[in-house]
1. Could you check how many residues of segment 5-35 are within 17 Å of D134 (Cα to Cα) and at pLDDT below 95?
2. In segment 1-35, what residues are of a type in the set (A, V, I, L, M), part of a helix (DSSP H, G or I) and surrounded by 16 or more Cβ atoms within 10 Å (Cβ to Cβ)?
3. Filter segment 110-134 down to the residues that are farther than 17 Å from D51 by Cβ and not aliphatic (A, V, I, L, M), then identify the one that is least open to solvent (accessible area, probe 1.4 Å).
4. State whether one or more residues within segment 31-51 are under 22 Å from Q125 (Cβ atoms) and within 11 Å of the chain's Cα centre (by Cα).
5. Looking at (1) surrounded by 14 or more Cβ atoms within 10 Å (Cβ to Cβ); (2) within 19 Å of R8 (Cα to Cα), which is the only condition N151 fails?
Amino acid sequence: MKLDLALRELHRSERSLASDLAKVADRHEAEHEVHHVALDLARWSRQHVHDLAGIGPRYGLDLADDAEDDDRHDTGLMTAVRSKLSEWTGRHPAPGVVLLADLRHLHRTAAGVSLDWELLAQGAQAAREADLLDLAERCHPQTLRQVRWANAMLKTLSPQVLTS
């Protein structure tokens, strides 16, 4: 079985998504909906990382349970700098383009994570690994909501940003 490969890749992609969501929340602090929803969605991905780390040893994996480590590097000075930049640039049209680019990146990353969950679920079903299938069935819907949120924000913001 190669379920360990799927688990390892999903763990890596969820960590990346959690970190990207936290960075977008910091970068666009002036956009309150983006800021708060991105923080909530990052919590989901961090929980997914935790759950994957918990099941990893059954498949011979020692997965880090520290999605927040990626975020810890961004605390302190860099967070303060990004926050000030967000405040200062919130009055210019360019942040809209940056926000679209960030949302586009989040959409693509979350779609990749969704695909990883789908692959893991298919593998778990074929191998009759009930715990792994349960984990995929519990987490994948939240990832799909992350994709839909990014898509909805892109649809809402793009007309205004691209025609201004």
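The values are calculated or read from the model by the stated rules, or taken from the named source; none is laboratory data. Being a predicted model, the structure only gives us computed values, none of them experimental. Because the Cβ atoms are built from the backbone with ideal geometry, glycine has one as well, and the counts that use them run over all protein chains shown. The accessibility values were calculated without ligands, DNA or RNA, using every heavy atom of the protein model including side chains. Shrake-Rupley method; radii C 1.70, N 1.55, O 1.52, S 1.80 Å.
1. Number satisfying all stated conditions: 0.
2. Of all residues in segment 1-35, those of a type in the set (A, V, I, L, M) come to 1, 3, 5-7, 10, 17-18, 21-22, 24-25, 30, 34.
Among the residues that remain, those that are also part of a helix (DSSP H, G or I) are: 3, 5-7, 10, 17-18, 21-22, 24-25, 34.
Hits for segment 1-35 are L3, A6, L7, L10, L17, A18, L21, A22, V24, A25, V34.
3. Selected residue: G112.
4. Let us first name the residues in segment 31-51 that are under 22 Å from Q125 (Cβ atoms), namely 48, 51.
Filter again for within 11 Å of the chain's Cα centre (by Cα), leaving 48.
Yes: one or more hits.
5. (2)
Matching residues to (1) at pLDDT 80 or above; (2) open to solvent by less than 70 Å² (accessible area, probe 1.4 Å); (3) of a type outside the set (D, E):
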| residue | (1), (2), (3) |
| --- | --- |
| V37 | yes, yes, yes |
| H73 | no, no, yes |
| A94 | no, yes, yes |
| V98 | yes, yes, yes |
